[in-house]
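**Student:** Can you keep this structure in mind? I'll have questions shortly.
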Amino acid sequence: MAYRSLVIKFPAMLLMVAGSFNSAAAYADTCEPYDPTAEYQLVFSDEFDGDELDRVRWNTEFLWGPGVIINGEDQYYVNADQFGYNPFVVSDGILSIKADKAPFDRTRLYLTKSIYSATSAEVLWRQPEGAVSYDVVRDGALLGSAQGGAWFEPELRDGIDYAYEITARDENGNAVSTEQITVNTSERDRFTPRTAFSLELDTRVYSDTSGEIVWRPPNRAAYYIVTHDGEAERFNGRTFSSLYLGDIPANTDLTYQVAAYDLCDELIIEDTIVLNTAVGQSVNEVSERLVIAATTYSESTVEISWNAVQGASAYTLYDNGELIDTISGRSLFIDNMVPGIDRRFLVVAIDNDGVEVDSTSRTLNTADASFALNRQPFVSGVLTSYDSFRFKYGKVEMRAKMPAGKGLWSAFWLLNAYYHDAEPEDPEIDIIEAIGDRTTTANHAYHTQNDSDGNGVTDSIISDEFRATIPDFSADFHRYSVEWTPESITYMVDDRITGEVRGERVSQEQMYIIMNLAVGGFFPGPADETTPFPASFDIDYVRVFQKRR
């Protein structure tokens, strides 16, 4: 999930920011204290009585991205009826999550790319029926002919768009299919080691009388309290990540404390820093070559930014060949993208005389291309309550029937709502995992991250796993539940206790519901010719009860 980090500029030394935190995700948190003496009351439910999925209650993709593949699984989780497939069917009070073989068009190439380094990448494709060779064209020039489904490029320039066109030909040389793709090695994955949780509080100095306090917004922040010289101001909104300070005393130590709070008014983390303009103005990294970075925030919003170039004093911007502006800044926010439509942005660095120093371009498209990228042989669905309901403690129950079949993996589970944030344990409560060729076994698990050396960085996983013999989960509906209190996590099938976790490791974090039907992966192994498709994970209801004051 990508969040946009906003730089908020203030003309005065410290101003109050009006407004409220309007993220739908934040409102999902329940802040009512747990009361062990109270009776359970229903706080969230879906009986699936309508004729379609309630997409206000349920997200249809994982929090960390659409089409994400975990655990070596073989399915693509379809979001919002992509590719003409709807895995969510509601009928007669039952929600069915359906998995099926992927509906590939056998005449298409489904181009994708793998980026290996700053200078090397590979274009890959599915091989259409009847195709025996493939012409590879880059930026209008024929590079050669490939016999298989890939073309490797070992000598590319980092940060530059390369436009490839692949034409599949049959044994008579006739074109079967032609598709294009853009490759830019700056899009490669970069390893970022996990670090101890902090605000990463820092300062920037712009002049003798101006500077900025910057920090990393915690996932679950709802607002910030910034304190200076005994005065505290509140800033509403998770995405605030900086405070600009103008007209401040020169060459003077100014101490600021930044404290982040969640929606339930609990302190997440705080830190203190000293700003002194005598440190001198921050120097931006300057390079000889222009490289554009791109960040996609939504289907309609993206941002491009670029490095400072030696000798450049300004940057001229073009959108699909049309002049936008000439600016001294180094970023551009675009809010009118259309999914499926390429937009080519050209940035030209110019010197004081208007002479070009360097130029490069980026082609952006906000359409979700992960189906082609992941090349998964199956499609299925996942539901989460992330945006509608996150809670701490309670009884969670589902009445459901899970499918039988080799490689099928139905799951009903809870996950920490603020993964990899203030709580490094990142708890996960697996209420039921049903493996399709073991239909009388209930798998329960509780996973937490572990910081073995106490340095604030988790380095291993601690798991409690339980297996219980139950009635055939594919033959009829059964109740699968967990009762989660500050002291314990108790697993039940049809109200019979089948596992329990007790002690200090019990989650004390906001969590949310996930239901999904996976195909393949490390746990069940791959599907085979005996696996029935479409497979259906049928859910009668989902209910959450809490003991509240």
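Any read-out appearing in this document is the output of simple, stated calculations on the displayed coordinates, not a laboratory observation. Because the structure is a prediction, the values reported are computed rather than measured. Cβ placement follows ideal geometry from the backbone for every residue including glycine, while neighbour counts extend to all protein chains displayed.
**Student:** Quick one: D170, D453, fewest Cβ neighbours within 10 Å first, how do they rank?
**Tutor:** Ranked by crowding around the Cβ, least crowded first: D453, D170.
**Student:** Take region 291-395, drop everything but the C-alpha atoms, weight them equally and run the Debye formula without solvent; then report log10 I(q)/I(0) at 0.17, 0.18, 0.24 Å⁻¹ to two decimals.
**Tutor:** -0.84, -0.90, -1.27
**Student:** Taking the highest mean first, how do the peptides 236-247, 467-478, 34-45 order by number of other beta carbon atoms within 10 angstrom per residue?
**Tutor:** My ranking of the peptides, most packed first, is 236-247, 467-478, 34-45.
**Student:** Given 0.36 nm per residue, what is the gain on full extension from R438 to S452 after removing their alpha carbon distance, in nm?
**Tutor:** Value of the extension gain: 1.6 nm.
**Student:** Still on this structure: For the chain, with the dipole built from +1 on Lys and Arg beta-carbon atoms and -1 on Asp and Glu ones, taken about the Cα centre, which of A163, Y386, T239 lies farthest toward the positive end?
**Tutor:** Farthest towards the positive pole: A163.
**Student:** Rank Q257, A131, A434 by how far each Cα sits towards the positive end of the charge dipole of the chain (+1 on Lys, Arg Cβ; -1 on Asp, Glu Cβ) and give me just the farthest.
**Tutor:** A131
**Student:** Follow-up. Could you give the dipole magnitude of region 112-187 about its Cα centre, charging the beta-carbon of Lys and Arg +1 and that of Asp and Glu -1, in debye to the nearest 20?
**Tutor:** Computed charge dipole of region 112-187: roughly 60 debye.
**Student:** What shape does region 294-341 have by the C-alpha gyration tensor, where a ≥ b ≥ c are the square roots of the eigenvalues, rounded means a/c under 1.5, and otherwise prolate means a/b greater than b/c and oblate the rest?
**Tutor:** It comes out prolate by the Cα gyration axes.
**Student:** What are the lysines whose alpha-carbon lies under 28 Å from the alpha-carbon of K406, with same-chain residues fewer than 8 places away excluded?
**Tutor:** Of all the lysines, those that pass the test against K406 - Cα under 28 Å, at least 8 places apart if same chain - are K98, K101.
**Student:** Sticking with this structure for a sec: Roughly what would the spin-label model give for Q257 and I225, points 7 Å off Cα along C-beta, in nm?
**Tutor:** Modelled inter-label distance: 0.8 nm.
**Student:** Would you work out the charge dipole size for the chain about its Cα centre, treating the Cβ of every Lys and Arg as +1 and the Cβ of every Asp and Glu as -1, and quote it to the nearest 20 debye?
**Tutor:** Using only the charged Cβ atoms, the result is roughly 500 debye.
**Student:** Hey, another quick one. If I model a spin label at A367 and D494 as a point 7 Å from the Cα along the Cα→Cβ vector, what separation in nanometres do I get?
**Tutor:** Label at A367, label at D494, 5.0 nm between them.
**Student:** What nm distance separates the two modelled labels at D247 and S313, each placed 7 Å from Cα along Cα→Cβ?
**Tutor:** About 3.1 nm, to one decimal.
**Student:** Note the full-extension length gain between E288 and D472 as 0.36 nm times their separation in residues minus their Cα-Cα distance, in nm to one decimal.
**Tutor:** Going from the current span to full extension adds 59.6 nm.
**Student:** Report the residues of region 290-312 in range of a label on V355: point 7 Å along Cα→C-beta, backbone N strictly under 16 Å from it.
**Tutor:** Zone members listed by number: 310-312.
**Student:** Which of S186, V309, M402 sits farthest toward the positive end of the charge dipole of the chain, with +1 on the Cβ of Lys and Arg and -1 on the Cβ of Asp and Glu?
**Tutor:** Towards the positive end, the residue furthest out is M402.
**Student:** Moving to a separate point now. Can you tell me how much longer the chain between A38 and S145 gets when fully stretched, taken as 0.36 nm per residue apart minus their C-alpha distance, in nm with one decimal?
**Tutor:** Stretched out fully, the A38 to S145 stretch lengthens by 31.3 nm.
**Student:** Among DSSP beta bridges whose residues both lie in the chain, state the antiparallel percentage, nearest 5.
**Tutor:** Rounded to the nearest five, the antiparallel share is 95 percent.
**Student:** Scan (1) -0.20; (2) -0.26; (3) -0.35 for the value of log10 I(q)/I(0) by the Debye sum over Cα atoms at q = 0.05 Å⁻¹ calculated from this model and give just the label.
**Tutor:** Given (1) -0.20; (2) -0.26; (3) -0.35, the structure-derived one carries the label (2).
**Student:** Treating cross-link reach as a plain straight distance, find the lysines whose alpha-carbon is under 16 Å from the alpha-carbon of K547, omitting any fewer than eight places away in the same chain.
**Tutor:** K392, K395
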